[in-house]
Structures are given as structure tokens and as C-alpha cells.
1. Of all residues in the stretch 297-313, which are touching a helix residue (DSSP H, G or I) at 6+ places or on another chain (Cβ under 9 Å) and crowded, with 17+ Cβ neighbours inside 10 Å?
2. Pull out all pairs, ordered by first then second residue, where Cβ-Cβ is under 6 Å, the residues are six or more apart or on different chains, the first lies in the stretch 58-86 and is in the same structural domain as residue 38 (by TED's automatic domain parsing) and under 15 Å from residue 129 (Cα atoms), and the second is assigned to a loop (DSSP other than H, G, I, E, B) and at pLDDT below 90.
3. Suppose we filter 278, 319, 271, 235 for residues that are outside the structural domain of residue 159 (by TED's automatic domain parsing), surrounded by 16 or more Cβ atoms within 10 Å (Cβ to Cβ) and in contact with a helix residue (DSSP H, G or I) (Cβ under 7 Å, 6 or more places away or on another chain); which single one remains?
4. Tell me, please, whether a residue that is farther than 16 Å from residue 83 by Cβ, surrounded by 21 or more Cβ atoms within 10 Å (Cβ to Cβ), assigned by TED's automatic domain parsing to the domain that holds residue 46 and modelled with pLDDT of 95 or more can be found in the stretch 103-121.
5. Can you name every residue in the stretch 126-142 that is buried (at least 19 other Cβ atoms within 10 Å of the Cβ) and touching a helix residue (DSSP H, G or I) at 6+ places or on another chain (Cβ under 7 Å)?
6. Being under 25 Å from residue 116 (Cα atoms), crowded, with 16+ Cβ neighbours inside 10 Å, under 27 Å from the mean Cα position of the chain (by Cα) and at pLDDT 95 or above is true for just one of 42, 61. Which residue is that?
7. Residue check: is residue 289 in contact with a strand residue (DSSP E or B) (Cβ under 8 Å, 6 or more places away or on another chain) and not in a strand (DSSP E or B)?
8. Restricting to the stretch 241-251, name every residue that is out of contact with any helix residue (DSSP H, G or I) (no Cβ under 6 Å at 6 or more places or on another chain) and surrounded by 11 or more Cβ atoms within 10 Å (Cβ to Cβ).
């Protein structure tokens with residue numbers, strides 16, 4: 001579960017590019033496009049290789065990670081990747097090659113993990129913490145090449161509908177300030193000291209409408225799932241409130257087998273806002289508010305999937321990427337802390 005050395009940056013310097021035969025860039029904001037795969041995960045559609053541009057979808061990992069592409073050695077050669085030695089962190093052959101990621105073209109290292117590696121099967125770029133010199137991390141590599149000045153990235157999601165193609169972006173080095181709501185600015189969130197990865201404190205302020213759920217000591221943003229994950233007892237309290245208000249719903253939750261979990265409602269008209277506080281470095285709360293159309297997803301049968309998921313015996317709040325429809329969130333790699341701002345208001349088209 002994904003849980004500053006710099007002061008809060010209220011004004012960002014103009015981005016400086018070093019465009020050469022090694023790196024080429026095409027715009028002031030480096031944006032990596034995001035799609036949603038069949039597993040409901042955010043992925044970066046990419047091309048890589050110097051000979052033939054091999055197409056691939058890469059997960060943006062923010063936990064224990066390194067740049068990895070699991071494939072046969074012949075595939076790596078066909079794509080034109082150059083072997084540069086063994087990587088002991090991943091346990092596999094390390095390569096370097098050119099990647100085309102949205103409006104960014106850059107040479108990046110990656111490792112093809114051995115079958116016994118814990119990374120075997122993954123195809124991913126690492127945006128997480130750096131604690132081993134054998135790790136390959138896209139943000140660290142771009143900074144060392146002079147492409148970005150700040151080891152930060154910012155995530156924008158416009159839709160949780162996988163049929164829409166590109167649903168958002170990861171903006172690396174500097175944010176796309178046009179996404180920020182007028183009059184708003186970035187707030188730096190406090191890092192939760194008990195965790196070594198991206199995380200921030202909360203203050204038991206989780207609410208469904210006026211229903212106080214008294215839950216949550218730590219929270220983190222999740223790029224792997226659209227779900228907002230909360231304690232199962234708090235989720236059951238929300239379901240009971242929905243039942244008491246006469247909303248037609250379908251709810252199935254077996255603690256022993258969460259693979260069968262299901263939560264749907266016939267209409268979102270009577271659903272309430274969900275809110276919670278995250279704690280800024282100033283000690284002040286930053287309030288997150290999600291409207292029903294932001295934490296539900298319309299299905300083909302006309303019903304709505306409620307994007308809430310149960311956690312067993314936990315005080316953690318996992319904020320899935322559905323939250324990024326309303327908030328523009330930055331990740332500071334060295335400090336493992338967040339920057340956050342409310343986004344400009346857009347109509348969320350669910351279907």
C-alpha cells in the first residue's frame with residue numbers, strides 16, 4: 001500500500017530544455033499520456049527502441065520499483081535496445097534505448113527481469129522512492145540529463161472511462177498551470193513520518209454527507225486503481241445510510257474473498273458528497289470533497305458503479321485516481337511528499 005526537503009513552490013520557473021541528439025522535447029510542459037488498461041490501471045502508451053519502434057503500455061509505479069520491461073532477449077534485440085550489464089536490484093539484464101513518451105523522446109535504462117525476479121512480468125516505469133544505486137527511475141534519469149530541473153511529476157485524470165482513449169497525463173518536471181482553478185495554488189502536504197513512501201497524514205475527518213465516519217490517520221494517492229479504499233466498517237455505515245434513504249443498490253462484500261466485491265446503485269441523485277482532510281506542512285487541513293459523479297462510474301446497463309472499496313483492519317485511506325478528476329496532484333520524489341491544488345471545473349462525462 002502506497003503510503004520536504006523543499007519549501008512549497010508557489011511560482012515555477014520557466015522550463016529549460018537541453019535538446020540534442022540525446023534528448024529531444026517539443027513543448028514547455030513535458031506530458032506523458034495516460035490511458036486505462038483492461039485491469040483498470042493507468043498506463044503510459046509508449047514506443048521504444050532504436051531500430052523498430054516497439055509499442056508498449058507501461059505502468060507508472062510509485063512504490064518499490066525500477067524501470068522494467070519483461071520480454072524475451074530476442075524481443076529486446078529486435079527493438080534495438082543495447083545491453084549494458086546485469087542489474088542486481090531487479091535481477092536481470094539491463095538495457096538502454098530510446099523511448100517515445102508523449103511529447104518526450106529520451107534515452108532511458110530498463111531491466112528485463114529474470115524469471116525468479118520479484119519484478120518478473122512487469123512492464124513499468126518507476127516514479128517512486130530511490131534507495132538503491134541500481135534502481136532505474138525515470139524522474140532521476142531525466143533530471144541527471146538536464147531535461148527537468150525539479151524531480152517532481154504531476155498527475156491529471158479527466159475520466160475513469162477506459163473507452164475514451166487518452167484520459168489524462170503525467171506532467172514531469174513542472175506542472176501544467178492551466179489545469180489549476182483560478183485563485184488556487186499548490187499546497188504542500190505533510191509527509192507521514194511512519195512511512196518511507198508517498199503518504200500524508202489525515203485527521204479522522206472522513207465523512208459521507210453529514211455522517212461522521214471517524215476514520216483515517218494516513219492517506220495516499222493510488223495510480224493503480226480508481227477506487228477510494230476505506231475501512232470496511234465505515235463502508236458498511238455508508239451502505240446503511242444509502243439503504244435508509246431508499247436508494248436502490250446492490251452490495252456484495254465477503255471479507256474472505258474480496259474478488260467478488262460489488263457495489264452498484266440505480267441512481268446517484270440522492271448520494272452525498274464524500275469529504276476528508278489531508279494535512280499541509282503548515283499544519284492546516286486541506287479539504288478533499290468528492291461529489292457523487294466523481295466517485296461513481298456509469299455502466300452500460302444504466303446503473304452506477306460506486307468506486308469505494310473495503311480495507312480490512314486498517315486506518316489507511318487509499319485515494320484512487322478517480323480523485324484526480326477534481327484535484328491536480330504533484331509528487332516530489334526526493335521527499336516523497338505531495339503537492340495538491342483544486343483543478344478547474346470540468347463536466348465529468350461518465351458515459
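1. Let us first name the residues in the stretch 297-313 that are touching a helix residue (DSSP H, G or I) at 6+ places or on another chain (Cβ under 9 Å), namely 297, 304, 306-313.
297, 304, 306, 307, 308, 309, 310, 311, listed by residue number.
2. Within 6 Å, the pairs are 62/2; 63/2; 63/197.
3. On the way: 278 fails: in contact with a helix residue (DSSP H, G or I) (Cβ under 7 Å, 6 or more places away or on another chain); 319 fails: in contact with a helix residue (DSSP H, G or I) (Cβ under 7 Å, 6 or more places away or on another chain); 235 fails: in contact with a helix residue (DSSP H, G or I) (Cβ under 7 Å, 6 or more places away or on another chain).
That would be 271, the only listed residue that is outside the structural domain of residue 159 (by TED's automatic domain parsing), surrounded by 16 or more Cβ atoms within 10 Å (Cβ to Cβ) and in contact with a helix residue (DSSP H, G or I) (Cβ under 7 Å, 6 or more places away or on another chain).
4. The initial filter retains those residues of the stretch 103-121 that are farther than 16 Å from residue 83 by Cβ, namely 103-106, 115-121.
With the extra rule that they be surrounded by 21 or more Cβ atoms within 10 Å (Cβ to Cβ), the set shrinks to 104, 119.
In the following step, the residues that additionally are assigned by TED's automatic domain parsing to the domain that holds residue 46 were identified as 104, 119.
Keeping just the survivors that are modelled with pLDDT of 95 or more gives 119.
Yes, the conditions are met somewhere in the stretch 103-121.
5. 126, 127
6. Numbers: 42 fails: under 25 Å from residue 116 (Cα atoms).
Selected residue: 61, the only one of 42, 61 that is under 25 Å from residue 116 (Cα atoms), crowded, with 16+ Cβ neighbours inside 10 Å, under 27 Å from the mean Cα position of the chain (by Cα) and at pLDDT 95 or above.
7. Values: in contact with a strand residue (DSSP E or B) (Cβ under 8 Å, 6 or more places away or on another chain): yes; not in a strand (DSSP E or B): no.
No: the conditions fail for residue 289.
8. The initial filter retains those residues of the stretch 241-251 that are out of contact with any helix residue (DSSP H, G or I) (no Cβ under 6 Å at 6 or more places or on another chain), namely 241-248, 250.
Correct list: 241, 242, 243, 245, 247, 248, 250.
The values are calculated or read from the model by the stated rules, or taken from the named source; none is laboratory data. Note that the coordinates shown come from a computational prediction; the quantities given were computed from them, not determined experimentally. Methodologically, a virtual Cβ is constructed for each residue, glycine included, from the backbone with ideal geometry; neighbour enumeration extends over all protein chains shown.
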